[in-house]
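Encoded as structure tokens, the structure appears first; notes follow it.
What follows draws every value from the coordinates through simple rules; no lab data is involved. A quick note: this is a predicted structure, and the numbers were derived from the prediction, not measured. Methodologically, a virtual Cβ is constructed for each residue, glycine included, from the backbone with ideal geometry; neighbour enumeration extends over all protein chains shown.
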Amino acid sequence: MTESSSIRVRVPGKAILAGEYAVLAGIPAIVLAVRRYLECAATPSAYLEVEGIGFRWREGQPETKALRFARIAAQTARRYLEGKGEHPDPLRLVLSDNLRAPTGQKLGLGGSACASVAVTAAVVASARAQLDRQLVFKLAAIAHGAAQGRPGSAIDVAAATYGGTLWTRRFEVHPFLPLLEGPPRALADLVDRVPAPEIEKLPEPPGLTLVFSGQSASTPRLLGVIERYREKDPKGFGAFMARSAEASDRLRRTLLAGEIDEAMTALADAGALLERLGEDAAAPIVTEMHRQIAARVRGHGVAAKVSGAGGGDCSIAIGPEESMARLRRELEGAGMVVLAPGVDADGVQVER
């Protein structure tokens with residue numbers, strides 16, 4: 001990368017259609033990339049630098065929590081390349097996004113996963129001419145898990161990397177984490193050896209609409225509550241996983257077949273399972289605002305559920321476009337933040 005050159009990376013946000021929580025136990029989930037984006041501009045620098053959302057960090061300085069995901073992604077990608085005998089130059093990485101509500105609140109569209117993918121792609125692209133999406137996915141998933149402290153499923157990383165509506169499984173990053181502190185060659189060898197999870201691309205859900213609950217969620221806190229429930233009542237959580245797997249697979253099959261009514265039923269069933277899980281685990285997965293959104297949605301003959309861990313963020317709705325258009329007008333008239341972003345089919349994009 002020459003001193004005058006630059007790289008721009010664009011990454012889509014995500015929304016989870018079905019399979020929340022069960023995906024952490026190995027059950028497939030459906031996640032989709034939405035046309036709301038995070039961008040990363042990379043230019044040569046004397047030091048590794050990261051800027052975004054009003055914060056700035058430079059290598060050698062104390063941790064800046066707001067930029068933790070981007071920092072760890074840059075260092076992980078660089079460590080991998082060093083393990084392959086490549087030595088990328090330091091970069092100045094500037095992040096920007098439209099993943100937030102007009103109030104500045106997070107919508108739950110996977111900003112941390114987007115940052116991990118965008119920065120990983122920028123660092124790899126600074127050293128290599130070809131974009132290897134599987135490599136970007138694996139490195140970004142590892143970095144994202146390391147930054148989380150309690151690694152998730154990485155399906156949000158998959159959506160940001162590959163784009164589309166994806167049927168996929170968890171990527172287990174725990175074996176990689178100790179190698180982030182060891183010889184770079186060991187990390188590179190394991191990354192090259194372990195395959196990324198298989199993905200199946202599905203048709204875009206009809207009338208896709210996201211409705212912000214007005215409250216940003218704390219995913220790590222909810223994950224902790226559900227994990228304690230899983231340990232306390234493994235039989236109950238096992239029953240949830242089995243029913244969630246059935247609902248997710250039914251939604252997958254109906255999307256492939258173009259059966260809108262059956263897809264709406266499967267989505268509603270997946271939402272009911274999440275609400276029951278929240279009740280059993282004493283976890284506020286479905287908030288009162290989510291319930292109000294669901295009641296309005298049912299009045300239009302379409303289906304909705306919580307998207308993601310719950311406790312806030314967005315509800316996701318699908319149905320015939322004519323009905324969804326009327327619903328969106330009603331919700332906007334009630335002052336709600338409503339998105340009809342459509343699915344991004346491309347995933348991470350790099351411009352030089």
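Couplings 3J(HN,Hα) for the stretch 84-89, derived from phi with the Karplus relation 6.51 cos²θ - 1.76 cosθ + 1.60 (θ = phi - 60°), are 9, x, 9, 10, x, 6 Hz, where x marks Gly and Pro. Taking only Cα atoms and a 10 Å spring cutoff, compute GNM fluctuations for the chain and point out the largest among TYR162, TYR37, TYR47. With Cα springs under 10 Å in the chain, the top fluctuation among TYR162, TYR37, TYR47 is at TYR47. Mean-square fluctuations from a GNM of the chain, with a 10 angstrom spring cutoff on Cα atoms, peak among SER112, SER307, SER96 at SER96.
Given a cut-off of 28 Å, name the pairs among LYS138/LYS201; LYS65/LYS232; LYS14/LYS65; LYS65/LYS235 whose C-alpha atoms lie farther apart than that in the structure shown. In this structure, LYS65/LYS232; LYS65/LYS235 lie more than 28 Å apart at Cα. Net charge dipole, the stretch 209-339: roughly 180 debye, given to the nearest 20, about the Cα centre with Cβ charges of +1 for Lys and Arg and -1 for Asp and Glu.
Residue by residue, the stretch 154-161 carries 3J(HN,Hα) couplings of 6, 6, 5, 5, 4, 4, 5, 7 Hz when phi is fed to the Karplus relation 6.51 cos²θ - 1.76 cosθ + 1.60 (θ = phi - 60°); x denotes Gly or Pro.
Listed by Cβ neighbour count within 10 Å, with the fewest neighbours leading, LEU210, LEU38 appear as LEU210, LEU38.
Among ALA118, ALA29, PRO151, whose Cα lies farthest out toward the positive end of the dipole of the stretch 1-156, if unit charges sit on the beta carbon of Lys, Arg (+1) and Asp, Glu (-1)? Final value for the positive-end residue is ALA29. From least to most packed, judged by other beta carbons within 10 angstrom and beginning with the fewest, MET264, MET289 follow the order MET289, MET264.
Taking the fewest neighbouring Cβ atoms within 10 Å as the starting point, the ordered list for SER323, SER5 is SER5, SER323.
Considering only ALA242, SER218, GLY299, and ranking their Cα positions along the charge dipole of the chain that arises from unit charges at the beta-carbon of Lys, Arg, Asp and Glu, the one farthest toward the positive end is SER218. Here the Karplus curve 6.51 cos²θ - 1.76 cosθ + 1.60, taken at θ = phi - 60°, turns the phi angles of the stretch 257-271 into couplings of 8, x, 8, 5, 4, 5, 5, 4, 4, 5, 5, 4, 5, 4, x Hz, with x standing for Gly and Pro. Charges were assigned to the Cβ only: +1 to each Lys and Arg, -1 to each Asp and Glu. The resulting dipole of the chain about its Cα centre is roughly 440 debye.
When the Gaussian network model of the chain links Cα atoms closer than 10 Å, the mean-square fluctuations of GLY110, GLY152, GLY258 top out at GLY258.
Annotation: extensible slack from LYS84 through GLU330 equals 83.1 nm (criterion: 0.36 nm per residue apart, minus Cα-Cα distance). Checking every one of the GluC sites (Glu not before Pro) in the stretch 318-352 against DSSP loop status and a limit of 14 other Cβ atoms within 10 Å picks out no site at all. For GluC sites (Glu not before Pro), the sites in the stretch 256-318 that DSSP calls loop and that have at most 16 other Cβ atoms within 10 Å are GLU259.
Computed from the alpha carbon atoms alone, the convex hull of the chain holds 130 Å³ per residue. Is the C-alpha gyration tensor of the stretch 258-315 telling us rounded, prolate or oblate? Criteria: a/c under 1.5 is rounded; beyond that, a/b larger than b/c is prolate, otherwise oblate. Prolate.
Positive end of the charge dipole of the chain (Lys, Arg +1 and Asp, Glu -1 on Cβ, about the Cα centre): tell me which of LEU67, TRP167, PHE137 has its Cα farthest that way. Of the listed residues, the answer is LEU67.
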